[in-house]
Structures are given as C-alpha cells and as structure tokens.
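Report on the following structure.
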Amino acid sequence: MKFTFLGTSAGSPTADRNVTAMALALDESRDWYLVDCGEGTQQRLLAKSPQQMESPQRMESHRGTRNRYTLSGLAGIFITHVHGDHIFGLPGLITSASMQGRKDPLTICAPEGVESFVRHSLKCAAVCNMPFELNFIRSDQADFHFQDQHFKVTSHELSHRVPSYAYRFAERPVTQSMDQDKLEALNVPRGPLWGELQSGNSVTLPDGSIVHPQDVRQPLRSGRVAIIGGDNDQPDLLIDAMKGVDVLVHEATFTEPVLEKVGPQYMHSTARMVGEAAEKGGVSHVILTHISGRYRKQSSDFALSVEALRSEAQSVFRGQVELAEDFGCWALDRDRKLTRME
Ligand SMILES: [Zn+2]
C-alpha cells in the first residue's frame, strides 16, 4: 500500500508545499485513488521533484512513481470536504483526463456541494462531449460505501467549519497462495497436481497419499487498512474507526503553542491531538500532513520547524510518526512495516 503526497500545505500553497492531495495505490497495481484535489494537483502529478536532480537513481524511482499515476489509471477520487484548497484542482484534472481520451467512467466520492461545483465549472468553461461519465457518490450519506477489486471504503464524519469526512480504506482479503515449502515437503510433483491444488481440489499423489488444498496454503492474512482524514479539530472522533487500522494520515495544522495564539476558530488539529487519538485508537503509524505554512523544514527556531510537529505527536504516541512532504512516498508492506521510499 503506497501513500504519495502531492500537496501537504494548509489553506494556501508555499514554495515547497502545494495544497492538499494524496495518491493511494495498492503496491504495484496500475489503479490508484486520489484523496482531495487542491489546485495544481494535476501539475503535481507531472512535475519533477527537486530530488530528481540529485542522482540518476532517485530520478529513476521518481519517474516510476510519476508514470504510475496516470489519469487513465485513476480508479476513484475521494474528496474530504468542499473547501477550495481540497477541490479547486478538480475541473482542470477532469478536463485533462478528457483531453487525454479517458473512456472509463470516473467515480468521485464527495459530500454535498462538490458535484455542483464540478458540473458548473465544466459548464462555464464550455467543456462538452467528454468521452467518459462522471459518477458522483455522496459520501456524507449514512449508507455510503465504495468497493472495487482492491479496497472497501467507508466515510467517517469529522468536525470542521463545513461537513468534513475521513475515508477508511480496507484492503480486500488477499487470495491465499500456495506454500512452496509445504508442497515440496509433501513431495507433490510440480505440474498439473499443483494446478489442481491451486484450484481448490484435493489430489492423489503417485504413492497413493492424498493432499488437500488446505495442507499447502499459506496462512490467510488480513488486509491492510488506512484512514485518510480531512480537516478536523477532533481526531478523537476517529477512535472507533481506528480499530484494525495500520496507518492514520491526519492533518496537524498547528502545534499546541501556535493554536493557543491563533485560537480555535479555524477548527484544525494540533500534532499532539492527533498523537493522543492515535495512541487511544491503537494505530501503529501516523503521517501528519496539512501543515501550516509557518513551519519550515529547516528553521533556526525549533518551534517553527516541522520537527516541532513530530516531537509533539511523538511525546504522546508510542508508534511511528512521519511528516508528509510534497512528493514524499511511503509504503506499508504486508508485514505492516511503513518505509519511506527513495
Ligand atoms: Zn484545508
């Protein structure tokens, strides 16, 4: 499961951070999902990362990431809330997909207001004869669910100035492959007998013994689960949904001292609030994003460096804390290890 950040700034972009968007993909699958689509997201998908300049190796790895996230491979868009820094990229991205000749219908899961914004924008811009359908699903309805071959997705209400939602992506159960060591230990000859077992049939070996499929299957492993949150000032609202979750991606717009100065009216979380909720919810990895432009990667004043966010979250959370940055990509493997990809 891969998390690639296309925009990680709160409210408006900075020189290093664009407004919110994140790509989610299941390992090497060509299909991918976009969560939020701030202005310029489509350009972010194409843009060269600054790291590309550093070494040919990094260039290669980034090129792989970039090529994977094509508009024809986009399997669904999930919008957390209607604020501009989360949706202003939609009309442009959809128009480009149309110009590139996408044919498959595009599903957009979003709360009320987003469909109207998109359809009006396209109409005002005289976009017509699109070669694919837009299929909107209201994610603010109680019966919302999205399911395809990779994920089951549910929405969870948050607390913000407008209705805002988190999406919980649960990987569909993984098909059980056969364990080669067990097949060899039981002396099952390679060939048609392996195929029969893979198809779920018992087989009789040349020596007369019978092998059943369950004798040679790898143990069933539960799928990986991630929550991608929208803007929210009460991360505790997600505690029930955090059951079984491996990765929580959540906004941490401020640190506690800055929130005290700014006041609560913008309805955002601090890194500490996210860390406390993640600790209570039993999540093992947190990625903090939607970071206020006042925090810098390097700052002589630690209180205004992004590391201040990490240390605040880490002071109350025993799991792994990561700080999202634009073009940053993290992979969660089947052993539930979260690693930053180079
Ligand atoms: Zn926002």
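The overall shape of the chain, judged from the alpha-carbon gyration tensor, is prolate: a/c is not under 1.5, and a/b is greater than b/c. On full extension of the chain, what length is gained from Ser209 through Gln100, given 0.36 nm per residue of separation minus the C-alpha to C-alpha distance? Residue separation times 0.36 nm, minus the Cα-Cα distance, leaves 33.5 nm.
Once both labels are positioned 7 Å from their Cα atoms along Cα-to-Cβ, the gap between Asp179 and Val262 label points is 5.1 nm. Expressed as a rounded percentage, what relative contact order does the chain have, with Cα pairs under 8 Å and six or more residues apart? Reported relative contact order: 16 percent. Loop-located GluC sites (Glu not before Pro) in segment 121-210 (DSSP state other than H, G, I, E, B) with a sparse environment of at most 14 neighbouring Cβ atoms within 10 Å: Glu133. The gain in end-to-end length when the Asn129 to Ser72 segment is fully stretched comes to 18.8 nm, 0.36 nm per residue minus the alpha carbon separation.
Placing unit charges on each Cβ (+1 for Lys and Arg, -1 for Asp and Glu) gives the chain a dipole about its Cα centre, and among Ala166, Ala278, Leu74 the Cα reaching farthest toward its positive end belongs to Leu74. Applying a DSSP loop filter and a limit of 15 other Cβ atoms within 10 Å to the trypsin sites (Lys or Arg not before Pro) in segment 58-162 leaves Lys103, Arg161.
Taking the Cα centre of the chain as origin and assigning +1 to Lys and Arg Cβ atoms and -1 to Asp and Glu Cβ atoms, the resulting dipole is close to 600 debye.
Counting 0.36 nm for each residue step from Gln149 to Ser222 and taking away their Cα separation leaves a gain of 24.8 nm. Centre-to-centre separation between the Cα atoms of segment 214-254 and those of segment 294-328: 21 Å. Exposure proxy for Cys128, Cys329, Cys37, Cys109: other Cβ atoms within 10 Å of each Cβ, ordered fewest to most, give Cys128, Cys329, Cys109, Cys37.
Hey, for a label at Met341 modelled as a point 7 Å past Cα toward Cβ, could you say which residues of segment 1-43 have their backbone N under 12 Å away? In segment 1-43, the label zone of Met341 (backbone N under 12 Å from the point 7 Å along Cα→Cβ) covers 1-5, 23-32.
Each stretch of four or more DSSP H residues adds -39500 (n - 2.57); spread over every residue of the chain, this sum gives -7000 deg cm²/dmol at 222 nm.
Each reported figure results from applying straightforward, stated rules to the coordinates on display, with no laboratory input. Keep in mind it's a predicted model, so treat the numbers as computed, not measured. We place every Cβ from the backbone using ideal geometry, glycine too, and count neighbours over all the protein chains shown.
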